[in-house]
Every structure is written in structure tokens, then in C-alpha cells.
Amino acid sequence: QVQLVESGGGLVQPGGSLRLSCVASGSISNIYVMGWYRPPPGKQRELVASVAPGGRKNYLDTVKGRFTISRDNAKNKVYLQMNSLKPEDTAVYYCNAAIQSENWSHAYAYWGQGTQVTVSS
């Protein structure tokens, strides 16, 4: 019943910018940490950025200073502003959120379908 939907991906040139958005909907009681992940070629899916309900943020070292994560608790949304994009940022970006559904007593990690980000000249 709970779902996450991403948007904002696309094709950009190196040095360009994109803003990814993710909205959670459904029977939601609470949303805890929210974040963005990507699977680099030949590697496990890695955390790009996350933000806790109180605003504490974590970033992958290679995106620090270029990406900014933010959230709008009232709208159940999380954003990823991506500046100074590099070809190595190319990946499918997945939204993740720990959400407690109205129908469950515990939080569960929900995933969006992913949005493609391609950085190429």
C-alpha cells in the first residue's frame, strides 16, 4: 500500500545539474530516515545521501560538496539536488525510506522503482 515514486532523472552534460524528487504515499504512520542509493557498475548498491527526521545528513564522500539532500516532512518528500555532475555519477538512483505503515507495528524499508541519471557529453 505504501509506495515511493521518484522523478527528475534524465540526460545531462558533465557539469550540469539535476534535482531528484521522491514522494511517499499510502497508509503512512511515520517516516524515519530517507535516502538515495545507486548501484555503481560491479559494486554493491551504495548510499549516496540520507537524511534523518531531525535533519542529520550523511553523504558519500565522492558527492560531498556537489549533492544536497533535503526533505519536506509535511509532504512526505525527499530531494537530491545534484550539481557539478560527472560521468561517474551515471546510475539508476533509488529512493529509500524507512516507513511505519498504519497496518504494521514496525518500520519497513521501502524502495522506489528508480530514476535514470545519465551524465554524458
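Applying the criteria of a DSSP loop state and at most 16 other Cβ atoms within 10 Å to the GluC sites (Glu not before Pro) of the range 43-107 yields Glu102. Its relative contact order, with pairs defined as Cα atoms under 8 Å and 6+ residues apart, puts the chain at 36 percent. Here's the list of aspartates and glutamates a cross-link from Lys43 could span, going by alpha-carbon distance under 14 Å and ignoring same-chain residues fewer than 8 apart: Glu88, Asp89. Panel note: the C-alpha atoms of the chain, placed on their principal axes, show extents of 47, 25, 25 Å (largest first). Structural descriptor for the range 64-108: relative contact order 24 percent, calculated from alpha carbon pairs under 8 angstrom and at least 6 residues apart. List the trypsin sites (Lys or Arg not before Pro) within the range 3-58 that fall in a DSSP loop (any state other than H, G, I, E or B) and whose Cβ has at most 12 other Cβ atoms within 10 Å. Within the range 3-58, the qualifying trypsin sites (Lys or Arg not before Pro) (loop, at most 12 other Cβ atoms within 10 Å) are Lys43, Arg56.
Taken along the Cα-to-beta-carbon direction at a fixed 7 Å, the label points for Ser121 and Lys57 span 2.8 nm. For the chain, modelled as a Gaussian network with Cα springs under 10 Å, which listed residue fluctuates most, Gln13, Gln81, Gln44? Of the options given, Gln44 has the highest mean-square fluctuation.
With Cα atoms defining each centre, the range 83-121 and the range 57-72 are spaced 13 Å apart in the structure. Straight-distance candidates among the lysines for linking to Lys77, with alpha-carbon spacing under 24 Å and chain neighbours fewer than 8 residues away dropped: Lys57, Lys64.
Only the coordinates and a few stated rules stand behind these numbers; no lab work does. Note that the coordinates shown come from a computational prediction; the quantities given were computed from them, not determined experimentally. Note that each Cβ is placed from the backbone with ideal geometry, even for glycine, and that neighbours are counted across all protein chains shown.
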